[in-house]
Amino acid sequence: MKENCFGKIFARRSAVCYFVICMFFLYSVLRIYTVATATYTQASDNHGRYTLTVTRKRGIIYDCNGIPLNNKNERIIAAVSPNASAVTALKSILSDNPALTGILKRLESGKPVLCELPYIIESDGIKCVCVSDTDFPQKSAVHTIGYTDSSGHGVTGLELAFDDILYCEETVDAVFEIDGVGSVLQGGKITIEGNDIQPNSIVTTIDSNFQHIAEESSRSIEKGAVVVCEVSTGRIKAMVSRPDFDCTDISQYLNDESSPLINRALTAYSVGSVFKPCVALAGIESGFGDFLFECSGSTKIENRIFHCHNRSGHGVLSLSDAIKESCNTYFYHLANKIGKNALLEKISVFSFGSPLKLAENFYSSLGSLPESTSLNNSSALANLAIGQGEMLLSPVSILPLYCAIATDGGYFLPSIVSSKIINGKEQNLPLPKKTLAISSESAALMREYLRKVVSDGTGVAAAPTLCTAAGKTATAQTGRFDENGKEITIGWFCGFFPAENPRYAVAVMIENANGFDAAPIFAELADSITALQNGQPVEI
């Protein structure tokens, strides 16, 4: 009986032990399976992709002809797998390249690499892709277009003004196949991803041909600017600031005394006599177009002697003569007849003294005008009459005056962006509202006066050979002096061509110069643009 009970107890205990052993075994198997599965899953997640970023995408800034002004400097980047064929190919192409040693060292360690090649090659383990650099040496219109930082964001110019449109998070990537432990497969496929992405872009009014002509014509300018605009629309076709700079090495210019990073085309300067046509128009429309004055070389205003640039005097002058000879004393007295209120009213209609919006977030400098109360002083009014004293304008800001004269008396404020390309669709931007500044009769009269300046007046050096032109010279005083005690002056020529049917207005400004220095640059530029449009060779 006892033996039977003992047997039953033993059998039950044995069954329990067997069950426990089986459960333990099952647990062990499941645990091993789970670890193996986890390891396999991780290996599967890592399997297939090893990515190297080739470049970051950025929107293109086009000229009016669809030519890129940034993203233009094309380079060939090779994505290279660590295999024998690729290594052999690189050795033959980059044999003289100092970077070859580092490239081979990385490949020997089993890692893929990106490197620049002089040309596209076909080889096992190498995939080539063409990339365009946003910034590059000798970038055209560099002050206007601007440059980007290391993160791909715009820092200056249109790159900054339209960064919210041009910046793109997307990159162009080289993707390599890898095995379960993360090693690049020797014969694995290399895929380029993201190269077909088209970021948002903008289209400017700049014409690359005009820009090239303006840049070449202004090579002699150490510090200054040239701006060309279409008189019928105000659209800027070229904008140059001197000196220029290499946007790939900004640090070298930070302490440069010539301040090459400043866009002088948008910076306000003393304008001098290129402002006189505005005073003349105020005189014509105030009823003093037939005013005569005898210039003796100087005149007394409020117990102060004001001189003409011709100290021996011009004799009796009409308004046409005074413009042609740029007689200061004539304009002192003309301004006195007009009065400050009528003169300020005419100044305001050209938006002088206001920052001009050339595009979204892209403005000219404020400039400067004298306060109305200060013009109660006859001396201050006399200074304003010849564009001196507190009168400061940028080269781009003076252009509305010359566009109005060149057309029917109306003008469009200068603009530099014509459209945006968003998600592949172009959105045209409207022109600014046209402002009727003067009567068409006054404009026609002033065109004739300015034509005489170039034909036989102070601006003969501005006369092109391939077309007619009209305009005005200026040598503006600044009240500043160099180390030798010589006053620093600003040389200007502002005008338009052809004179009989004007198409383009131009402002040339040169620091520490005179109007006779600026005039030949205008003539060269006008000839080159005329030759271009006539299909003739452009010699610069």
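The values are calculated or read from the model by the stated rules, or taken from the named source; none is laboratory data. These numbers come from a predicted model, not from an experiment. Here the Cβ is made from the backbone with ideal geometry for all residues, glycine too, and neighbour counts use every protein chain on show. The accessibility values were calculated without ligands, DNA or RNA, using every heavy atom of the protein model including side chains. Shrake-Rupley method; radii C 1.70, N 1.55, O 1.52, S 1.80 Å.
Numbers for the structure displayed
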item	result
Contour minus Cα-Cα distance for residue 76 and residue 153 (0.36 nm per residue)	25.4 nm
Radius, Kirkwood style, for the chain when every pair of distinct Cα atoms is counted (Å)	27.8 Å
Cα long-axis angle, helix 440-456 against the chain (0 to 90 degrees, to the nearest 10)	80 degrees
Mean-position separation - Cα centroids, the range 494-521 and the range 323-396, in angstrom	19 Å
Solvent-accessible surface (1.4 angstrom probe) belonging to residue 226, in square angstrom, nearest 10	0 Å²
Neighbour-limited loop hits for trypsin sites (Lys or Arg not before Pro), the range 446-540 (at most 12 other Cβ within 10 Å; DSSP other than H, G, I, E, B)	486
Residue-span extension gain [residue 104 to residue 196] - 0.36 nm each, minus C-alpha spacing	30.1 nm
Debye, to nearest 20: dipole size of the range 261-350, +1 on Lys, Arg Cβ, -1 on Asp, Glu Cβ	300 debye
Charge dipole (the chain, unit charges on Cβ, about Cα centre) - positive-most of 392, 461, 445	392
Total charge dipole magnitude, the range 133-266, about the Cα centre, Cβ charges on Lys, Arg, Asp, Glu only, Debye to nearest 20	700 debye
Cα gyration tensor category, rounded, prolate or oblate, for the range 378-423 with a/c compared to 1.5	oblate
Segment residue 465-residue 501, extension gain: residue separation times 0.36 nm, minus the distance between their alpha carbons	11.4 nm
For a label point 7 Å along the Cα-to-beta-carbon line of residue 318, residues of the range 418-462 with backbone N under 18 Å	441-458
Dipole magnitude of the range 216-280 about its Cα centre (Cβ charges: Lys, Arg +1; Asp, Glu -1), debye to nearest 20	440 debye
By accessible area with a 1.4 Å probe, ligands and nucleic acids excluded, highest first: order of 149, 179	149, 179
Formal net charge of residues neighbouring residue 177 (Cβ-Cβ distance under 10 Å; K, R +1; D, E -1)	+1
DSSP-assigned coil residues among GluC sites (Glu not before Pro) in the range 116-196, each with at most 14 further Cβ atoms within 10 Å	122
Pairwise Lys count, the range 80-199 - Cα closer than 18 Å, eight or more residues apart or different chains	6
Relative contact order for the range 306-396, counting Cα pairs under 8 Å that sit 6 or more residues apart, in percent	27 percent
Alpha-carbon spread of the range 140-298, three principal axes, descending order, Å	97, 37, 26
Accessible area expressed per residue, the range 148-230, with surrounding protein chains retained (probe 1.4 Å, Å²)	41 Å²
Local electrostatic count at residue 277 - Lys and Arg +1, Asp and Glu -1, tallied over other residues with Cβ under 11 Å	+4
Protein accessible area in the chain, 1.4 Å probe - carbon and sulfur %	51 percent
The chain: relative contact order in percent, alpha carbon pairs under 8 Å with at least 6 residues between	13 percent
1.4 Å probe accessible area per residue over the range 325-395, in Å²	37 Å²
Sites matching trypsin sites (Lys or Arg not before Pro) across the range 193-287 that sit in DSSP coil, with at most 13 neighbouring C-beta atoms within 10 Å	219
Between helix 340-349 and the chain: long-axis angle, C-alpha atoms, 0 to 90°, nearest 10	40 degrees
Calculated P(r) tail over 25 Å for the range 383-535, as whole % of Cα pairs	38 percent
Volume in Å³ per residue [convex hull over Cα atoms, computed for the range 324-437]	119 Å³
Cα-based helix-to-principal-axis angle, 84-93 vs the chain, degrees rounded to 10	20 degrees
Centroid-to-centroid separation of the range 398-462 and the range 122-166 [C-alpha atoms, Å]	32 Å
Computed over the range 286-437: relative contact order in percent, which uses C-alpha pairs under 8 Å that are six or more apart	18 percent
Rough spin-label spacing in nm, given labels placed 7 Å along Cα→Cβ, for residue 84 and residue 354	7.6 nm
Charge sum, other residues only, whose C-beta stays under 15 Å from residue 116's C-beta, Lys/Arg counted +1 and Asp/Glu -1	0
